[in-house]
Amino acid sequence: MSALARITDLHAGYGRAEVLFGVDLTVPRGAVTTLIGRNGMGKTTTIRCLMGLLSPSSGRVEVGDEDLTGAAPYRMARAGLGLVPEGRQVFPSLTVSENLRATARPRANGWTEARVFDAFPRLAERRAHYGVQLSGGEQQMLAIGRALMTNPDLLVLDEATEGLAPLIREEIWTMLGRLKAEGLTILLVDKNLGELARISDHYAVIEKGRIVWTGSADDFAADRATVEQFLHL
Ligand SMILES: Nc1ncnc2c1ncn2[C@@H]1O[C@H](COP(=O)(O)OP(=O)(O)OP(=O)(O)O)[C@@H](O)[C@H]1O
Ligand SMILES: [Mg+2]
């Protein structure tokens, strides 16, 4: 099992506020890995370092065999990383179509606008609407479609089902299941243990800027009592 991405002894923060204190995280190829932890523990900060949106103060970020520590976001995208960011961050003054195309990286037999519209018919109906006119669920589908149109080797989703209506959540989980079945490597940040159990192969639990538990889905189920202490469920 080769790693698609690996984070080693990562330290990072905002100004003088340190947030990550030596995060180690491996993302195996062809599997779904979940990073889980309570609010404010450093999940998004870890993702931001992985995506080149925040420069770590020390540690290493590798994609495949390449050391890309501190590299710019466009290089991370070129290395095959696609992000569905926390809070969706669709471009408000671009249409659905324009949002999808803005960061697209075409690939033979890859994701196209037509394929995204096939996967999310609701977006097709809204193709001429501006980002700002969309509901939260539609924005989330758009953020996922936009990331898919970069044709990533690793799709990273930071709380992609947060705050959405149950039917939309269901649609997104179904989509993630399909992507997994197609063999896409996925790194998820999510708190929905029930849905995660159906899709996640590996778990990493983060607590106050450190990974305090890692293991397979089976380990996670077996060690639930320990894990729940960290998650304070
Ligand atoms: N831009 C920022 N400037 C200063 N501090 C920040 C900034 N973003 C996050 N923090 C702080 O860093 C810590 C970790 O935040 P982070 O967003 O990584 O947590 P998280 O695990 O993603 O939480 P959540 O589950 O709420 O999304 C928190 O204490 C947060 O207040
Ligand atoms: Mg977060």
Every listed condition ((1) within 18 Å of R210 (Cα to Cα); (2) surrounded by 15 or more Cβ atoms within 10 Å (Cβ to Cβ)) holds for A17 save (2)
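Which one of E98, E62 is away from ligand 1 (no atom under 16 Å from the Cβ), assigned to a helix (DSSP H, G or I) and either open to solvent by less than 30 Å² (accessible area, probe 1.4 Å) or over 21 Å from D190 (Cα atoms) (or both)?
Details: E62 fails: assigned to a helix (DSSP H, G or I).
Unique residue meeting the criteria: E98.
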From the options T161, T150, residue that is buried (at least 20 other Cβ atoms within 10 Å of the Cβ) and within 16 Å of ligand 2 (Cβ to nearest atom) = T161
For the range 116-197, list the helices (runs of 4 or more DSSP H) that sit wholly inside it and hold at least 1 residues that are under 30 Å from H232 (Cβ atoms) and of a type in the set (G, A, S); which are they?
-> 136-148, 166-181
When the range 183-197 is checked residue by residue, the ones that are within 17 Å of the chain's Cα centre (by Cα) and surrounded by fewer than 21 Cβ atoms within 10 Å (Cβ to Cβ) are G183, L184, K191, N192, L193, E195, L196, A197
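Conditions tested, residue by residue: (1) at pLDDT below 95; (2) away from ligand 1 (no atom under 12 Å from the Cβ); (3) basic (K, R); (4) within 14 Å of the chain's Cα centre (by Cα).
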position	(1), (2), (3), (4)
H11	no, yes, no, no
A31	no, yes, no, yes
T34	no, yes, no, yes
K43	no, no, yes, yes
R48	no, no, yes, yes
Of the conditions (1) more than 16 Å from ligand 1 (Cβ to nearest atom); (2) buried (at least 23 other Cβ atoms within 10 Å of the Cβ); (3) without any contact (Cβ under 8 Å) to a residue 60 or more places away in the chain; (4) not aliphatic (A, V, I, L, M), T103 fails just one. Which one is it?
-> (2)
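Does Q133 fit the bill of being polar (S, T, N, Q), open to solvent by 50 Å² or more (accessible area, probe 1.4 Å) and over 20 Å from the mean Cα position of the chain (by Cα)? Outline the logic, then answer.
Details: polar (S, T, N, Q): yes; open to solvent by 50 Å² or more (accessible area, probe 1.4 Å): yes; over 20 Å from the mean Cα position of the chain (by Cα): yes.
Considered against the rule, which asks whether it is polar (S, T, N, Q), open to solvent by 50 Å² or more (accessible area, probe 1.4 Å) and over 20 Å from the mean Cα position of the chain (by Cα), Q133 comes out as yes.
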Do you know which of the residues in the range 153-170 that are over 8 Å from the mean Cα position of the chain (by Cα) and charged (D, E, K, R) is farthest from E182 (Cα to Cα)?
-> E162
If you take the residues in the range 48-59 that are not polar (S, T, N, Q) and not in a loop (DSSP other than H, G, I, E, B), which one is most open to solvent (accessible area, probe 1.4 Å)?
-> R48
Which condition breaks for L81 when tested against (1) surrounded by 19 or more Cβ atoms within 10 Å (Cβ to Cβ); (2) within 16 Å of ligand 2 (Cβ to nearest atom); (3) among the aliphatic types (A, V, I, L, M)?
-> (2)
Residues (within 16 Å of ligand 2 (Cβ to nearest atom), open to solvent by 10 Å² or more (accessible area, probe 1.4 Å) and not in a helix (DSSP H, G or I)) located in the range 26-47 = R38, N39, G40, M41
Checked against (1) modelled with pLDDT under 95; (2) under 29 Å from E18 (Cβ atoms); (3) away from ligand 2 (no atom under 16 Å from the Cβ), K191 satisfies every condition except (3)
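The values are calculated or read from the model by the stated rules, or taken from the named source; none is laboratory data. From a predicted model like this one, the values you see are computed outputs, not experimental measurements. Methodologically, a virtual Cβ is constructed for each residue, glycine included, from the backbone with ideal geometry; neighbour enumeration extends over all protein chains shown. Remember, those area values only see protein heavy atoms, side chains included, never the ligands or the DNA or RNA. Shrake-Rupley method; radii C 1.70, N 1.55, O 1.52, S 1.80 Å.
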